[in-house]
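The values are calculated or read from the model by the stated rules, or taken from the named source; none is laboratory data. Here the structure is a predicted model, which means the values were calculated and not measured. Cβ atoms come from the backbone with ideal geometry, glycine included; neighbour counts cover every protein chain shown. In case anyone asks, the SASA skips ligands and DNA or RNA and just uses the protein heavy atoms, side chains included. Shrake-Rupley method; radii C 1.70, N 1.55, O 1.52, S 1.80 Å.
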Amino acid sequence: MASTRLLQKLAKEHGTPLFVVDHEQLRKNYAMFKKLLPRVQAYYAVKANPDPAIIRTLYKAGGSFDVASMPEFLIVYENIKDMPAKQRQDWIWDKIIYANPIKATEALEQLDQYKPLVTYDNYDEIIKIKRHAPHAGLCLRLKVPNTGAMVELSSKFGAAPGEAVDLILAADKAGLVVEGLSFHVGSQTTNFANYVAAINLAANIYKEARDRGYTKMNLLDIGGGFPAPYDATVKPFRELARTINRELDRLFPKNIQILAEPGRFMVATACTAVCKIIGKARRDGKLCYYVNDGVYHTFSGVIFDHCKYSLKAFKKGPTEICSVFGPTCDALDVISMAENLPANLERGDLLYSENIGAYSHASSTWFNGFPPAKVVHINQ
Ligand SMILES: *Cc1c(COP(=O)(O)O)cnc(C)c1O
């Protein structure tokens, strides 16, 4: 994490709002994931933060990528295609999985030349893939419990367990190859039992598929959802990793390739936002700070990601509970109604927010004419 001195220096040099990406922290997060989940190849979920510099750093560290649209696919492809392949693995899709179960036929047509690995979860998708991307390999996305995840996804995607093997056999009959199974337990999953339930469910589907004569599966994708340590209530990743390793070793033979799609886990702790106080008022007795970044910009996660970000001041002083508002004219543009900040901050003073790398700058808009925060990279 960048020191407070460095953050202030960068803000002075580049202005605000500023979004600071620490590549040393990205490498640390990748290394920790690999060390604690040695059987698992990390496919960074690009939607968390698609910055090309982040993609290159994670690629150099040994990472692969999960994409969900043609533009995301091309950002990754263009940024890694000329880099040396350090860790070639023995399946052809060792660097990218296209993990969107519903793909437009136009996307499939563009994808086909790359012989991609794609996910699916319904019969119509089999017809689309057969017709528009017949060279793709398939991975069946299963519906798994999302209880306790900060962002719930099970109502949108995933084959019900009861129809999973029928969908595998249908793809096989269409002349496609189902390479394996995938699931996503929901983002910021702090209920580790969800991973246990999902891995067990996948193991049962594997077995049922074999019992019914389908033996070509050799891959399990355990998805994303690995929680970022936003606060002390999040149990250590080490504990989750131990649980996952135990279930994988118990239920899946050594020769099965295991993938994961961590997004938040890789980038959340690597980025810090710095913004400036542009106005100050007292309304109904409550101190209100207005800053030059907000929920249409770097703090978009407050809305889309159901995430709370705490703000800190560089300046010290007696604190009180304040509201912090973004710069746009929309009343929705509220970063927080209850931040404990020094009451003596003035126009021009800076605030910063740590652990804001995931689902933040990625969904920043130009609403009301305010551009997204400037991005600076450190320790690249
Ligand atoms: C969003 C998403 C991810 C990444 O989720 P995180 O919670 O950021 O790890 C992984 N896989 C799929 C299919 C997703 O939709």
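Taking only segment 119-150 into account, find how many residues are open to solvent by 50 Å² or more (accessible area, probe 1.4 Å), modelled with pLDDT of 95 or more and within 15 Å of the ligand (Cβ to nearest atom).
So the count comes out to 1.
Is it the case that GLY285 is open to solvent by less than 40 Å² (accessible area, probe 1.4 Å) and not hydroxyl-bearing (Ser, Thr, Tyr)?
So GLY285 does not fit the description; no.
Would it be correct to say that THR269 is among the hydroxyl-bearing types (Ser, Thr, Tyr), modelled with pLDDT of 95 or more and farther than 30 Å from ASP22 by Cβ?
no
Can you confirm whether segment 121-144 contains a residue that is part of a loop (DSSP other than H, G, I, E, B) and farther than 27 Å from LEU74 by Cα?
Within segment 121-144 (the criterion being part of a loop (DSSP other than H, G, I, E, B) and farther than 27 Å from LEU74 by Cα), the answer is yes, since at least one residue qualifies.
Within segment 40-55, can you find the residues that are crowded, with 17+ Cβ neighbours inside 10 Å and more than 13 Å from the chain's Cα centre (by Cα)?
VAL40, GLN41
If only one of LEU219, LEU176, LEU169 is closer than 22 Å to GLY137 by Cβ and open to solvent by 40 Å² or more (accessible area, probe 1.4 Å), which one is it?
It is LEU169.
Restricting attention to segment 297-305, does a residue exist that is in contact (Cβ under 8 Å) with a residue 60 or more places away in the chain and farther than 24 Å from LEU6 by Cβ?
yes
State whether the residues of segment 13-33 include one that is of a type in the set (Ser, Thr, Tyr) and closer than 27 Å to HIS184 by Cα.
yes
What number goes with the only condition from (1) at pLDDT 95 or above; (2) touching a helix residue (DSSP H, G or I) at 6+ places or on another chain (Cβ under 7 Å); (3) away from the ligand (no atom under 16 Å from the Cβ) that ARG5 does not pass?
(2)
Got a number for residues in segment 268-288 being part of a strand (DSSP E or B) and within 16 Å of the ligand (Cβ to nearest atom)?
Selection size over segment 268-288: 1.
Name the residues in segment 303-344 that are β-branched (Val, Ile, Thr) and open to solvent by 40 Å² or more (accessible area, probe 1.4 Å), would you?
ILE303, THR319, ILE321
When you go through (1) over 27 Å from GLU261 (Cα atoms); (2) in contact with a helix residue (DSSP H, G or I) (Cβ under 9 Å, 6 or more places away or on another chain) one by one for GLY348, which number turns out not to apply?
Among (1) over 27 Å from GLU261 (Cα atoms); (2) in contact with a helix residue (DSSP H, G or I) (Cβ under 9 Å, 6 or more places away or on another chain), GLY348 violates only (2).
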